[in-house]
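The values are calculated or read from the model by the stated rules, or taken from the named source; none is laboratory data. If you're wondering where the values come from, they're calculated on a predicted model, not measured in any experiment. Virtual Cβ from ideal backbone geometry, glycine too; neighbours counted across all protein chains shown. All accessible areas refer to the heavy atoms of the entire protein, side chains included, with ligands and DNA or RNA removed. Shrake-Rupley method; radii C 1.70, N 1.55, O 1.52, S 1.80 Å.
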Amino acid sequence: MDVGTVLVYDRREAEAYAQALRELGVSARLAVAFDPEAARALVPEADILLAWRFPPELYALARRLRWVQCMGAGVEDILSAPGLGPEVLVTRVVDQFGPSIAEYVFAELLARVRRLDETRALQRARLWRPFVADRLAGRRMGVAGLGSIGRELVRKARAFDMAVDGLSRTGSHAHLVDRHFGPDAWLEFVAELDVLVLTLPLTPATRGVVDAQVLGAMRPGSLLVNVGRGALVREEDLVRALDAGRPGGAVLDVFEREPLDPASPLWEMPGVTVTPHVSGPSRTREVAAFFAENLARYRRSQPLMGLVDRAAGY
Ligand code: GLV
């Protein structure tokens, strides 16, 4: 079956994606755009879009579009584009980001409990001052969002002998999770956690769910880790909550607005780690391989991997 033209759009890697697709033997016609102007010219002829952060206003020009494959996990920008036809299929990458994101989270957690900054500083100063470090074993982690990323976090937390609770939209059982909570039980969920990790998708139902009330229910000294989307958390509430010591610190890879404003107080707050959305990068070859497999399924009219439920928002 002729699938028509695939428009590949990415501000940095579009040509590398096209090259990877050719190497994978993808025979569809490829159009490549690096910027909104080029995309505007090419989108009217596109049947399929493989893209990251495609300019939302251009969906209205995509008259032939039948399928959008997002290059990442989060599709909130695609689903909220007013011009996206209701019949267009949307797929996102699944089962690729869990290992990277979990390693990011545990790198940050271990650095804190083992006080790595301090040991490095002692070494630089040639000082021999032994101390008893804390440990992860026996601590309780709560994972909000139990998709492929959340489940990988749960698995690794168990390997570190942590207790693990989970919160998900359905509240349904996930492997290795002690206690399950649904979206109406945030306050109970966070009350006993040492670490709360957010991996939820951004949807109308999750926007701003971590607000002053939820943050105020966290334990003093606990840690918030956000590797999902910045807008899950009300950032102003977070700044006030950190000032008040609940939670006691935060590891933030995502923000309401990215890049984070240089004037944001978060850059310099004690106990806050800011990183530039690096925890789960899309790797060109892996994402291209995911798309190639999905394209083969599309040709055979088989179910697509990572098909988004547009009503649920992920
Ligand atoms: C990155 O944030 C992604 O959604 O893949």
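Structural remarks
- Under the convention that each Lys and Arg Cβ holds +1 and each Asp and Glu Cβ holds -1, the size of the dipole of the chain around its Cα centre is about 760 debye.
- Solvent-accessible area per residue for the range 24-153 (1.4 angstrom probe, square angstrom): 51
- Element breakdown for the chain at a 1.4 angstrom probe: carbon and sulfur atoms account for 51% of the accessible area.
- Sorting ILE149, ILE101 on solvent-accessible area from highest to lowest, probe radius 1.4 Å, gives ILE149, ILE101.
- Projecting the Cα atoms of PRO247, GLN123, ALA163 onto the dipole axis of the range 113-270, where Lys and Arg carry +1 and Asp and Glu carry -1 at the beta carbon, places GLN123 farthest toward the positive end.
- Only Cα pairs under 8 Å and 6+ residues apart enter the sum, and on that basis the relative contact order of the chain stands at 16 percent.
- For the chain, with +1 on Lys and Arg beta carbons and -1 on Asp and Glu, the positive-most of VAL278, ALA60, ALA33 along the dipole: VAL278
- With the simple spin-label model, which puts each label point 7 Å out from Cα in the Cβ direction, the ARG11 to GLU118 separation comes to 4.0 nm.
- Overall, the range 49-123 carries a charge dipole of about 120 debye about its Cα centre when +1 sits on the Cβ of Lys and Arg and -1 on the Cβ of Asp and Glu, all other atoms neutral.
- For the range 135-169, the set of trypsin sites (Lys or Arg not before Pro) satisfying both a DSSP loop assignment and a count of at most 14 other C-beta atoms within 10 Å is given as ARG135.
- Other residues with beta-carbon under 11 Å from the beta-carbon of ARG179 carry, at +1 per Lys or Arg and -1 per Asp or Glu, a net charge of -3.
- The range 259-290 and the range 128-175: distance between their alpha carbon centers, rounded to Å: 21
- Largest accessible area first, the listed residues TRP67, TRP267 line up as TRP267, TRP67 when surface is computed with a 1.4 Å probe on the assembled protein chains.
- Residues of the range 174-300: accessible area per residue with a 1.4 Å probe, Å²: 47
- Listed residues VAL88, VAL32, VAL278 arranged by accessible area, highest first, probe 1.4 Å: VAL278, VAL32, VAL88
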